[in-house]
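The values are calculated or read from the model by the stated rules, or taken from the named source; none is laboratory data. Here the structure is a predicted model, which means the values were calculated and not measured. For neighbour counting, all protein chains shown are included, and Cβ atoms are generated from backbone atoms with ideal geometry for every residue, glycine included.
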Amino acid sequence: MKILTRICRISKVVSSSSTKYSLYSTLGVVSEIPSEQTNNSSNMVLKRIDNILKSQEDKRLYRGLVLSNQMKVLLVSDPSTDKSAAAMDVNVGYMSDPKHVLGLAHFCEHMLFLGTQKYPNENDYNKFLSEHGGSSNAATYPDHTNYFFDVVPEHLASALDRFAQFFIAPLFTESATDKELNAVNSEHDKNIQSDLWRMDQLDKHMADPNHPYHTFGTGNRYTLETLPKSEGINVREELLKFHNTWYSANLMCLAVLGKESLDELEAMVVNLFHNVENRDAPIPIWEDAPFKEEHFETCTYIHPVKDVRNFNIIFPCKDLSHLYKAAPCNYISHLMGHEGPGSILSALKARGWSSSLVAGLRPSPRGFGFFTVAVDLTEEGMDHTDEIVKLIFQYINMLKDQGPLKRIHDENRDIGDMTFRFKDKESPRSYISALVHMLQDYPMEDVLSCSYLVTEWKPEIIKEVWNNFIPAKIRMAIVAKKFDKELDCVEPWYGTKYKTEKISKKKLDEWANAGLCEELKLPERNEFIPSNFKLYPLDDSSENPMIIRDTALTRVWFKQDDVYKLPKANLMFDFVSPLAYLDPLNCNLTHMLVQLFRDALNEYAYAAELAGLKYELINTKYGLILAIGGYNDKQHIFLEKVIERLTAFKVDPKRFEIYKENYVRNLKNFNAEQPYQHAVYYLAVLLTEHSWTKQELLTATEQLTIEKLEAFIPQVLSKMHIECLIHGNANKAKALELASIVEDRLRNSLKMCPLLPRQLLLNRELKLEKGCYYLYEVQNDIHKPSCIELYYQCGLQATEINVKLELFAKIMQEPCFNVLRTKQQLGYIVFSGIRRSNGVQGLRIIVQSEKHPAYLDEKIEEFLLSMKLYLNEMEEDEFMRHREALAAQRLEKPKQLASQTNLYWSEITAQQYHFDRTEVEVSYLRTLTKQDIIDFYREFLEDNAKLRKKLSVQVVSMAEGGAGQIAEKEYETDVNNTKKPSIIQDITIFKSCHEMHPLVQPYISITRKGNKCKL
C-alpha cells in the first residue's frame, strides 16, 4: 500500500500540489453574483458562483448555486455525456445517532429508498432507474451520508423528481420499517467476521464513552428493535424525528451532471429542491478529541479472525481540512509513507521486519483527526515492534532536524499540478458522488481542485503537526493470532478479543531519546517526472487495434489514441508460458516470482508511480501479464529497466522465506472470506477445465523451495510467447520500439524457444447436459450467514444468445432484488446477473442469508417461476424501456483511456478479437421483441425446459447460530422441491464425466499466433 493517498480524507494525489497560475489563467477568477443581478433569475437562488477553477483539459461547464433554503448545488453541463448523474450529501451521519437507538442514521439511509408520499411504491425509485439504464447506492459515514444515482440523460428530470422526495417527504411505513430491519441486521452479520470492520469498531469502543465517536454506527436488530421495544420507543417515530431534525436543506449539498445547459440544469434543480425544508439545523462538529490523556501511552493487543499481523501507531491530529491550500499533513505523509531508498519501509525491509507501510491522515469526522503509521509484520518483525517504533521516531527526528524543505514541497506541487491538468475523465456517477462531499468542506470555487492543487507553503504548520508526534501522545495496536488466551476484554458488537496495557516509562524514554539513524534519508529528486507532454501527430486512422508485428515470439497490437488526447499510453504484455500453471507447484513458483520481483523493484518503481507512471505484474493461468500505464514521456526508460531486472532477477533468500510464509497464510485465510466469495470460487472450480484448488496449492507449498524457484525462473522466461498492446499517445514506430525493448532483452538474455500454436490455446468450460440439476455443498464454520449461487448455463457466446441473456438479466434484475431482498428479506446480499467465463455464459443468482441454502434455492426458483407471468404481463412500452436502457448502457463510452485499453485487451486475451462487439450486439438488440425474451426464458430457464442446465453451489454455515446448526426438519417444512438434485460428491469425478464446450472462434479472420517463422 502507498502513502497517505489510500487513507487520506480528501484523497489527495501524491502530496497534493500547488497550481501554476499560467495554466489556469484563462479560467478567470471566481465570481459570486447575487441572483437579482442575473437574467431571469429566481428568488429561489441566493447566489451563483461561476468560473469554478477547473483543468484546462476539462471541457465540461460548471456553476455553483446557493438556494434560498441554503442548500449548496454544483451543476455540471456535459453535452457529450451518455449518462447523467446526481448525488446528495447530508452533513450528518451515525455520530449523531441518539444513544437509545444506535444505527438510526444508517437505518434512515436504507428507509429513504422505500417509498415517499409522491412515489409510495417501495421499489418505484429503483424500478425507474432500472428501466432507464440507471443505478443507485448510498453510504452512511460518521459525519455525513451520501446518496447517488445515474440514469440515461433523457430521464434525468424524472429521476431527480423521485430523488428529491427522499429529502422532502419520505414515508417510513411501518411495514417497510419492519422488513428493512432484517436487511440492516443481515448487513451487520455479514461484517461480524471482517477484521476491517472489527478493528474500526474496536477503535470507537476504546474512545471516551461520553464522546459521540464511541458508538455503533451500523446498528442491528438489538439496537433498532429489541432494546427500543423494551424501553417503549417507537423506531418509526424516531426515524421521522431524525429526518425532521437533521435532513435540513442547510446541511445538504447537491451535485448534478447532465447534458443540458447550465441554465436548464439550474431550472430543473431549483424547481425540485427548493422544496426541501430548511430547519436551520446546526452542523455537527466535534472539537473535543475522543481520546484523552489516559488513552495515550498505551498498546492494545488484538486477536483477528484472519491470520494477519499488523502494527498501527496512532497520533492525535487537529482537523486541518481548512488548510487544504497548504496540505501540511500531506507533506509529512508523503515522506513517512515513502517507499524509496532511505525510507522507513526500506529500513524495515532490510531488517526483515515488514513488507508494507502506510502513513497519513485517517478519514476522520469533523473537528479531530488521527495520523496513523500502519505496518504489516513478518514473523521476525513481531519480536521487534519496540525497535520499529524507535525507527519511526528516528525518522521523525530526521524530519525535525532538517526542517520542512521547499524543494520537496515544490516537487509534489508540480506533480499535483500535472495530475490536475491531465486528469482522466471520470464516470459521471463516481465523479459526482465524490465531488458532492467536497461542497460541504471547501469553497465552491475550489471543489474541483482542492484535492490536487496546493498554492500555499506553510512550513510552520508542518512543524506544528509533527511536533505532536511524540511518545507521550502515542497509541499502539498490534494485531496477531498469537494473542488469544491472555486477552481479557471483548468488544461487545463484534466480539473482538483484546487487551490494553500502559507502555513502560523505560520504553517511552528510549523513544523520546531515539536520536538519528544514518540510513534514514529524504528522497532524492524524482527523475520520472515527465517534461514532454506533446501529442504524436495522428498517423493511424484505424478504428480498432491492428497487428503491426507478428513473429514466432511476439505479436504486437497497436491503437493510437484519437479520443482522449492526453499525453498518456498503456502498454500491455501477455507472457504466455505452459509452465506457469502446469501443476500446483509451478503455480506457486509463478506466484512467488511475481511477488518477489515486485518487492525487489519497489524502491525503483515507487518514484515512477509518484510521477504518474504505474506498473503492475500479475500471474495468471497462462503466465505473466505486465502492464505499464501513465505519462508516455519516460515509459521506455521504465519499461527497459523492468525487463532488464526481470531477466536478471536473483532471489533474496530472506525475502523468499518472508513471502512464502505470507503466501501460505493467505491461502489459509481464504477460509475466512465471505460465503458469497466461496460460492463464486467453487462454481469456477467446478466449471473450469483446468484449475488448482486452494487446498492443492497449499499442499504444494511444502515443496516450495528457493532452489526450485531459482531453477524455475529461467525455464519459464525462456519458453514463452509475447502478445502486447500499445494504446495511447504513440505512433507505430514508437509502438514497435517499445515492443522491441521487451523482445530484444529476452532474446539476448535467454535462449528463447517459441511455442506451438496449440500451446497457446485457452482453457475451456465444462458443458452441462440438458435438463440437469447438480448440487455442490460446502461448509463454512466462520461466518454466520450461508450463501447460495444458482447458475443456469446457456451455452457458448454468440451475438444472439449474448444479447437475449443480457436483456433478460436486465429485465429480471430489479424484480429479483425487490422480491428476494426488499419483500422477502432473505439477506443483505442479493445479486443477479450474467456469468461469462472461457467463452461460456449463463444466468446466476447469489443470495447470502441466515436462511439455509436449501430454503433459498426454493425461494429463488419460486421467483424465477414468477418471471414467466411478469414477462407475459409486461406492457410493450415497459419492454421497450428495458431494451433501450440496455442499449444505452452498452453504448456508454469508456470515460478513460485505461477503460478503453481494458476493453481491447479483454478481446485480445480471450482470443475473440470482436472489437466491434458493442455496435454489432446493440444493433441486434434493437430487433428483439418481448416474445423473443419469453421464448428465451422458456428455452433455458423455465422449470422442465429442455435446455435448462442448473448448478447450485451452497455454502452452509456451521458457525454458532448458522443455518447448518439448525435441524434439517426445521427448514425442510417450507421446501417442496419437485426435482431432486444430483449431489456432487467429488469435483474430479464430476468433471471427468462431462465434455467441454469448444472455444469461441475469433470474430475476425486471423492466423493463430505462435510458430509462424524461424527466429
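Taking region 774-822 on its own, how many of its residues are under 30 Å from Phe915 (Cα atoms) and in a strand (DSSP E or B)?
Counting residues in region 774-822 that are under 30 Å from Phe915 (Cα atoms) and in a strand (DSSP E or B) gives 6.
Checking Val308 against (1) at pLDDT 95 or above; (2) closer than 26 Å to Ala472 by Cα; (3) under 31 Å from the mean Cα position of the chain (by Cα), which single condition isn't satisfied?
(2)
Might you let me know whether region 437-455 holds any residue that is touching a Cys at 6+ places or on another chain (Cβ under 8 Å), farther than 14 Å from Tyr324 by Cα, not acidic (Asp, Glu) and not in a helix (DSSP H, G or I)?
Checked region 437-455: no residue is touching a Cys at 6+ places or on another chain (Cβ under 8 Å), farther than 14 Å from Tyr324 by Cα, not acidic (Asp, Glu) and not in a helix (DSSP H, G or I).
Which of the following residues is among the hydroxyl-bearing types (Ser, Thr, Tyr), buried (at least 20 other Cβ atoms within 10 Å of the Cβ) and touching a residue at least 60 places away in the same chain (Cβ under 8 Å): Thr419, Thr455? I'd like the intermediate steps shown before the answer.
Working: Thr455 fails: buried (at least 20 other Cβ atoms within 10 Å of the Cβ).
Unique residue meeting the criteria: Thr419.
Taking the condition of being small (Gly, Ala, Ser), under 21 Å from Glu266 (Cβ atoms) and within 28 Å of the chain's Cα centre (by Cα), how many residues in region 130-185 meet it?
Within region 130-185, the first condition is being small (Gly, Ala, Ser), and the residues that meet it are 130, 133-136, 138-139, 157-159, 164, 169, 175-176, 183.
Still in the list and also under 21 Å from Glu266 (Cβ atoms): 157-159, 164.
Add one more test, that the residue is within 28 Å of the chain's Cα centre (by Cα), and what stays is 159, 164.
Qualifying residue count for the region: 2.
Consider Glu921 carefully, then state whether it is closer than 26 Å to Leu686 by Cβ and either of a type in the set (D, E, K, R) or free of Cβ contacts under 8 Å to residues at least 60 places away in the same chain (or both).
Values: closer than 26 Å to Leu686 by Cβ: no; either of a type in the set (D, E, K, R) or free of Cβ contacts under 8 Å to residues at least 60 places away in the same chain (or both): yes.
Taking the combined requirement at face value, the residue does not satisfy it.
Does Phe315 qualify as being assigned to a loop (DSSP other than H, G, I, E, B) and in the same structural domain as His384 (by TED's automatic domain parsing)? Working first, answer last.
Numbers: assigned to a loop (DSSP other than H, G, I, E, B): no; in the same structural domain as His384 (by TED's automatic domain parsing): yes.
For Phe315, the condition - assigned to a loop (DSSP other than H, G, I, E, B) and in the same structural domain as His384 (by TED's automatic domain parsing) - is not met.
Show the residue pairs that are 6+ apart or on different chains and have beta-carbon atoms under 7 Å apart, the first residue being within region 511-526 and in contact (Cβ under 8 Å) with a residue 40 or more places away in the chain and in a helix (DSSP H, G or I), the second being buried (at least 18 other Cβ atoms within 10 Å of the Cβ) and among the hydrophobic types (A, V, I, L, M, F, W, C).
Taking only residues 6 or more apart or on different chains, the pairs are Trp511/Val389; Trp511/Phe393.
On the basis of being under 30 Å from Leu571 (Cβ atoms), among the small types (Gly, Ala, Ser), modelled with pLDDT under 95 and more than 31 Å from the chain's Cα centre (by Cα), does Ser740 make the cut? Can you show your working first?
Working: under 30 Å from Leu571 (Cβ atoms): yes; among the small types (Gly, Ala, Ser): yes; modelled with pLDDT under 95: no; more than 31 Å from the chain's Cα centre (by Cα): yes.
So Ser740 fails the test.
Is it the case that Arg221 is surrounded by 21 or more Cβ atoms within 10 Å (Cβ to Cβ), under 30 Å from Val479 (Cα atoms) and of a type in the set (Lys, Arg)? Quick ask: steps written out before the conclusion?
Details: surrounded by 21 or more Cβ atoms within 10 Å (Cβ to Cβ): no; under 30 Å from Val479 (Cα atoms): yes; of a type in the set (Lys, Arg): yes.
Taking the combined requirement at face value, the residue does not satisfy it.
Look through Val465, Val479, Val490 and report the one residue that is surrounded by 12 or more Cβ atoms within 10 Å (Cβ to Cβ) and farther than 21 Å from Pro316 by Cβ. Step through it out loud before you land on a result.
Working: Val465 fails: farther than 21 Å from Pro316 by Cβ; Val479 fails: farther than 21 Å from Pro316 by Cβ.
Selected residue: Val490, the only one of Val465, Val479, Val490 that is surrounded by 12 or more Cβ atoms within 10 Å (Cβ to Cβ) and farther than 21 Å from Pro316 by Cβ.
Take Asp203 and tell me if it is assigned to a loop (DSSP other than H, G, I, E, B) and farther than 16 Å from Pro98 by Cα.
Values: assigned to a loop (DSSP other than H, G, I, E, B): no; farther than 16 Å from Pro98 by Cα: yes.
No, not satisfied.
Does Asn619 fit the bill of being in contact with a Ser or Thr (Cβ under 9 Å, 6 or more places away or on another chain), at pLDDT 95 or above, closer than 26 Å to Glu696 by Cα and surrounded by fewer than 20 Cβ atoms within 10 Å (Cβ to Cβ)?
Values: in contact with a Ser or Thr (Cβ under 9 Å, 6 or more places away or on another chain): yes; at pLDDT 95 or above: yes; closer than 26 Å to Glu696 by Cα: yes; surrounded by fewer than 20 Cβ atoms within 10 Å (Cβ to Cβ): no.
Judged against the criteria, Asn619 is not a match.
Looking only at region 756-768, filter to residues that are in a loop (DSSP other than H, G, I, E, B) and in contact with a Lys or Arg (Cβ under 7 Å, 6 or more places away or on another chain); which one of those is surrounded by the most Cβ atoms within 10 Å (Cβ to Cβ)?
First, pick out the residues of region 756-768 that are in a loop (DSSP other than H, G, I, E, B): 756, 761-764, 767-768.
Now drop any that are not in contact with a Lys or Arg (Cβ under 7 Å, 6 or more places away or on another chain), which leaves 763, 768.
Details: Asn763: 16, Leu768: 24.
Among those residues, the one meeting the criterion is Leu768.
Search region 171-184 for residues that are closer than 15 Å to Arg821 by Cβ and pair each with any residue that is buried (at least 21 other Cβ atoms within 10 Å of the Cβ) and small (Gly, Ala, Ser) when their beta-carbon atoms are under 6 Å apart and the residues are at least 6 apart or on different chains.
Val184/Gly219
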